[in-house]
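The values are calculated or read from the model by the stated rules, or taken from the named source; none is laboratory data. Everything quoted here is computed from the prediction, not taken from an experiment. Glycine gets a Cβ as well: all are built from the backbone with ideal geometry, and neighbour counts include every protein chain shown.
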Amino acid sequence: MDPDSEAEQVASQILKTTLLTVVFSSCNYFKTETSASVSTIQLSLPKDSVVKSQSPSPKKKRKTIYLTFDDGPNKGTNNVYQIIDKEEVNATLFIIGQHVYGSKEQAAIFDSIVNSRYIEVANHSYTHAHNKFVKFYTVPDSVVSDFKRCADSLHLTSNIIRTPGRNIWRTNTINTTDINTSTAAADSLQQNNFTAVGWDLEWHFDNNLKLTETDDEVINEIDSLFAKAKTKTPDHLVLLAHDQAFANTADSAYLHQFIIKLKAKDEYDFENISKYPALKN
Ligand SMILES: [Zn+2]
């Protein structure tokens, strides 16, 4: 072999090896770099955020709560009024006609709630059946007269009523009576153009007018009724509470916290009872 060409061949071989080494190293470098980047991305992004960016989950459907308070005006009504007005939530007070004339204070608080921006006033009868419910409902005509007397004396413009001592519904779509002996009276009320609205859930109180359930317990019940679709109308819930249970400071504080916590959940709207679906006005 020509020594020059042998030298050339050796030089060429060295160059080839060097080039190959550079190329191989570069490939390896990029490979390592790429896989390192991928694993860095996977580690730094939580699984659900990756899913979110692919298909944003829809916002929770909002639901409507109708706060209703029965039996006022009485010693608890002013506290209910102050809390509702401060928190600026819509609510409905089912008023007993003769309670408005029970004292100067009760007449004054009635004037306040009638003028409240958030409170709707509705009819809870004139006499509240004198708390003798079985006897009251056996005479449908006097039941109708009692509600008419309340509407006339208080100059109520709404025909929405709640029957004392009975969870009765007579709307365009709901027809239920909790105690059968009241059915005839309930039908008469409807025939006389009254719309009866009952309740889905009651915030109970005891004989000493103290609440028997905390705000958190009632909120859990509300969440659960909505989740199980157990309200009369899906996504709408009527809560029954009573003014007299909020005459004391401790239970008023529970009511206040109850409303603050429900608002903070940001999935509930508060409406007056006249906004309930399928009521004829
Ligand atoms: Zn009542």
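Does any residue of region 193-207 turn out to be part of a helix (DSSP H, G or I) and assigned by TED's automatic domain parsing to the domain that holds Phe246? Looking through region 193-207, none of the residues is part of a helix (DSSP H, G or I) and assigned by TED's automatic domain parsing to the domain that holds Phe246. Per the conditions (1) within 16 Å of the ligand (Cβ to nearest atom); (2) within 18 Å of Asp70 (Cβ to Cβ), the sole criterion not satisfied by Ser116 is (1). Residue count for region 157-176 satisfying the condition of being more than 16 Å from the ligand (Cβ to nearest atom), buried (at least 20 other Cβ atoms within 10 Å of the Cβ) and of a type outside the set (D, E, K, R): 1.
For Thr214, the criteria (1) within 21 Å of the chain's Cα centre (by Cα); (2) closer than 26 Å to Cys150 by Cα hold in every case but one, which is (2). Number of residues in region 177-200 that are within 16 Å of the ligand (Cβ to nearest atom) and surrounded by fewer than 18 Cβ atoms within 10 Å (Cβ to Cβ) equals 2. Among the residues of region 272-280, is any at pLDDT below 95 and farther than 16 Å from Thr92 by Cβ? For region 272-280, residues at pLDDT below 95 and farther than 16 Å from Thr92 by Cβ: present.
Any idea how many residues of region 60-100 are among the β-branched types (Val, Ile, Thr), within 15 Å of the ligand (Cβ to nearest atom) and assigned to a strand (DSSP E or B)? So that I can check it myself, show each step before the final result.
In the first step, residues of region 60-100 are kept if they are among the β-branched types (Val, Ile, Thr); the result is 64-65, 68, 77, 80, 83-84, 89, 92, 95-96, 100.
Those left that are additionally within 15 Å of the ligand (Cβ to nearest atom): 68, 77, 80, 92, 95-96, 100.
So of that shortlist, the ones also assigned to a strand (DSSP E or B) come out as 68, 92, 95.
Adding up the residues that qualify gives 3.
When we screen Ala186, Ala151, Ala129 for residues that are in a helix (DSSP H, G or I), farther than 30 Å from Asn79 by Cβ and hydrophobic (A, V, I, L, M, F, W, C), the only hit is Ala186.
Mind checking which pairs have a first residue in region 54-76 that is under 14 Å from Pro234 (Cα atoms) and a second that is away from the ligand (no atom under 16 Å from the Cβ) and at pLDDT below 95, Cβ under 9 Å, 6 or more apart or different chains? Going by the 9 Å Cβ cut-off, the qualifying pairs are Arg62/Asp266. Scanning region 213-243 for residues that are more than 26 Å from Asn175 (Cβ to Cβ) and in contact with a strand residue (DSSP E or B) (Cβ under 6 Å, 6 or more places away or on another chain) yields one hit, Asp243. Give me the pairs: first residue in region 91-119 and touching a residue at least 60 places away in the same chain (Cβ under 8 Å), second residue of a type in the set (Lys, Arg) and not in a strand (DSSP E or B), beta-carbon distance under 8 Å, and six or more apart or on different chains, which are they? Partner pairs satisfying both residue conditions: Phe94/Arg162. Here region 137-148 is the region considered, the condition is being in contact (Cβ under 8 Å) with a residue 40 or more places away in the chain and within 15 Å of the ligand (Cβ to nearest atom), and the residue that is farthest from Asn90 (Cα to Cα) is Tyr137. Answer yes or no as to whether Asp243 is under 23 Å from Ala122 (Cβ atoms), touching a residue at least 40 places away in the same chain (Cβ under 8 Å) and surrounded by fewer than 17 Cβ atoms within 10 Å (Cβ to Cβ). So Asp243 fails the test.
When region 101-112 is filtered for residues that are more than 30 Å from the chain's Cα centre (by Cα) and either within 16 Å of the ligand (Cβ to nearest atom) or in a strand (DSSP E or B) (or both), only Gly102 remains. Scanning region 233-279 for residues that are more than 21 Å from Lys59 (Cβ to Cβ) and assigned to a loop (DSSP other than H, G, I, E, B) gives Ala247, Asn248, Asn272, Tyr276, Pro277, Ala278, Leu279.
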